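As structure tokens, the structure follows; a few thoughts come after it.
Just so it is clear, none of the values below were taken in a lab; they were calculated from the coordinates. Just so it is clear, the structure is predicted and the values come from calculations on it, not from any experiment. Every residue, glycine as well, gets a Cβ built from its backbone with ideal geometry; the counts of neighbours run over all protein chains shown.
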Amino acid sequence: MKFEMPILPYAPNALEPAISKTTIDLHYGKHLQTYVNNLNNLIQGTAFENATLEDICKKADGAIFNNGAQVWNHTFYFNTFSPKGNTVPTGVLEEAINKAFGSFENFQKEFNAASVGLFGSGWAWLSKDKEGKLVITKESNAGNPLKSGLTPLLCFDVWEHAYYVDYQNRRADHLNAVWSIIDWKVVEERFVK
Ligand code: MN
């Protein structure tokens, strides 16, 4: 199977000022494109030649996992954002967040702590476990909760390429801005699925 670039559901400048067009052009246009190209080259003639991206995330290792999971993670990441509104969870997702973390504010505090505290490159994740309970996990490099049997709902990319152009070393400032562009309706659809 030949993997293709996901289509962004917004214009490259639509997330400004939280994420600049320059960062989208580099992060989506260059970094993600490279992962897609690498993956398509790497799977040729292997057991993963016709696998889905989900299967690659769950079963592959080494370079195929790294590039495949990065394609999955970035597709999921870029699809979480919206330039307008839906910036707080509602309905059953709001209830689940309150149950697991006490309040939305406290969830944000814990998710920020996981994201800021992740050493080096990686991802912070909000996922649903098999019992429907919400959990925050940290993954290094291309790490993805699908491998642990979790259902991912939300992720923050804390690789420097996600923020260095706009925020330099200020990872926390970048993450504070990202809260304003999360489309919680998208997160809720993932939660109830
Ligand atoms: Mn990235």
Assess whether Phe191 counts as being among the aromatic types (Phe, Trp, Tyr), assigned to a loop (DSSP other than H, G, I, E, B) and either touching a residue at least 24 places away in the same chain (Cβ under 8 Å) or more than 16 Å from the ligand (Cβ to nearest atom) (or both).
no
Please indicate, with yes or no, whether at least one residue in the range 151-163 is within 16 Å of the ligand (Cβ to nearest atom), among the charged types (D, E, K, R) and touching a residue at least 12 places away in the same chain (Cβ under 8 Å).
yes
Of everything in the range 5-27, what is surrounded by 14 or more Cβ atoms within 10 Å (Cβ to Cβ), of a type in the set (A, V, I, L, M, F, W, C) and without any contact (Cβ under 8 Å) to a residue 40 or more places away in the chain? Give them in sequence order.
Met5, Ile24
May I ask you to say which residue of Val135, Val192, Val165, Val116 is hydrophobic (A, V, I, L, M, F, W, C), surrounded by fewer than 20 Cβ atoms within 10 Å (Cβ to Cβ) and closer than 22 Å to Ala14 by Cβ?
Val165
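Residues are listed down the side, and each one gets a yes or a no for (1) aliphatic (A, V, I, L, M); (2) in a helix (DSSP H, G or I); (3) under 15 Å from the mean Cα position of the chain (by Cα); (4) over 27 Å from Gly62 (Cβ atoms):
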{"position": "Trp123", "(1), (2), (3), (4)": "no, no, yes, no"}
{"position": "Ala142", "(1), (2), (3), (4)": "yes, no, yes, no"}
{"position": "Asp166", "(1), (2), (3), (4)": "no, yes, no, yes"}
{"position": "Ala177", "(1), (2), (3), (4)": "yes, yes, no, yes"}
{"position": "Val187", "(1), (2), (3), (4)": "yes, yes, yes, yes"}
Search result, residues across the range 29-45 that are within 14 Å of the ligand (Cβ to nearest atom) and either crowded, with 19+ Cβ neighbours inside 10 Å or closer than 9 Å to Gln70 by Cα (or both):
Leu32, Tyr35, Val36
